[in-house]
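The values are calculated or read from the model by the stated rules, or taken from the named source; none is laboratory data. All values reported here derive from a predicted model rather than from experimental measurement. In this analysis, Cβ positions are derived from the backbone assuming ideal geometry, glycine residues included, and neighbour counts consider all displayed protein chains. Each accessible area value is taken on the protein alone, full model and side chains, heavy atoms only, with ligands, DNA and RNA left out. Shrake-Rupley method; radii C 1.70, N 1.55, O 1.52, S 1.80 Å.
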Amino acid sequence: VHIAVGMWVFPTLLLFRHWTWALVPPLAFCLLNALSLRFRFFGAIEVQERTVGTVLFPLSFALLLGLFWRIGRPEIAAAGLMAMTWGDAMAAVVGQSLGRRGYTLWRQRRTWLGSLAFLSWTALAVTLTLRFLGRYSSSRALLYGIVAGLSGAVVEAVSPRGTDNLTVPLATAGLLYLLV
């Protein structure tokens, strides 16, 4: 779900001419996901524990578009979303399947391998996004990608139950905005 939702940012940037119209789909999904969280309309997206994460991810999508596309920096919005899209998704896959050694924060178990997967996949996704969408040099995009991966991994680790779907994209995009 993370990958499908997050990758939608690229068609969004191509299909919509103005940022205000681009907010309609993610805000609609905020509402639908909130209703599903309450009434279990879409059981497939609530497979694991029920958290507000399914509502917060499209909300972060809308907030990032509204904040950064509005000021002519859509690559920052897309890069912030890539931290959740690829970093968080791969952290879960790698951490659950291969992670053995871990740590616990806010009563949530994390694995070191999952956090490393978050860092590396976020670095890769942010680097590619900035390189091709933002037209940064390869070295600058890589540097910003690594910094985004490191900071995103920390934010993801300390965010309690599902709030990482909001905190990671916003923190990553905010940091990138300050750096570039």
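Assorted remarks:
- Comparing ARG110, ARG131, ARG70 in a Gaussian network model of the chain, where Cα atoms under 10 Å apart are tied by springs, the biggest mean-square fluctuation is seen for ARG70.
- When the chain is treated as a GNM with alpha-carbon contacts under 10 Å, the residue of TRP121, TRP21, TRP112 showing the greatest mean-square fluctuation is TRP21.
- For PHE39 and ALA92, the difference between the fully extended length at 0.36 nm per residue and the C-alpha to C-alpha distance is 16.5 nm.
- Modelled label reach - ARG101, point 7 Å along Cα→Cβ, the range 130-156 residues with backbone N closer than 13 Å: none
- With K and R counted +1 and D and E -1, the other residues having a Cβ less than 9 Å from that of GLU156 yield a net charge of -1.
- D (Stokes-Einstein, µm²/s), Kirkwood Cα radius, the range 1-123, 1.567 mPa s at 4 °C: 84 µm²/s
- Solvent exposure of the range 88-180 as accessible area per residue, Å², 1.4 Å probe: 54 Å²
- In the range 110-180, the inverse of the mean reciprocal separation of distinct Cα atoms equals 12.1 Å; this is its Kirkwood hydrodynamic radius.
- Amide H contacts of GLY102 (H built 1.01 Å from N, under 5 Å, at least 5 apart or other chain): TRP112
- Gaussian network model of the chain, Cα within-10 Å springs - most flexible of ARG109, ARG161, ARG73: ARG109
- Share of carbon and sulfur in the accessible area of the chain stands at 69%, probe radius 1.4 Å.
- J(HN,Hα) series, the range 5-20, from Karplus relation 6.51 cos²θ - 1.76 cosθ + 1.60, nearest Hz, glycine and proline x: 5, x, 5, 5, 4, 5, x, 4, 5, 8, 7, 9, 8, 10, 4, 5
- Mean Kyte hydropathy of 0.0 or more with a Cα span along the axis of at least 18 Å, helices from DSSP in the chain: 24-39, 112-132, 138-158, 164-179
- The dipole here belongs to the chain: it is taken about the Cα centre, uses +1 on the Cβ of Lys and Arg and -1 on the Cβ of Asp and Glu, and is about 120 debye.
- When peptides 132-139, 167-174 are ranked by their average number of other Cβ atoms within 10 Å per residue, the highest-first order is 167-174, 132-139.
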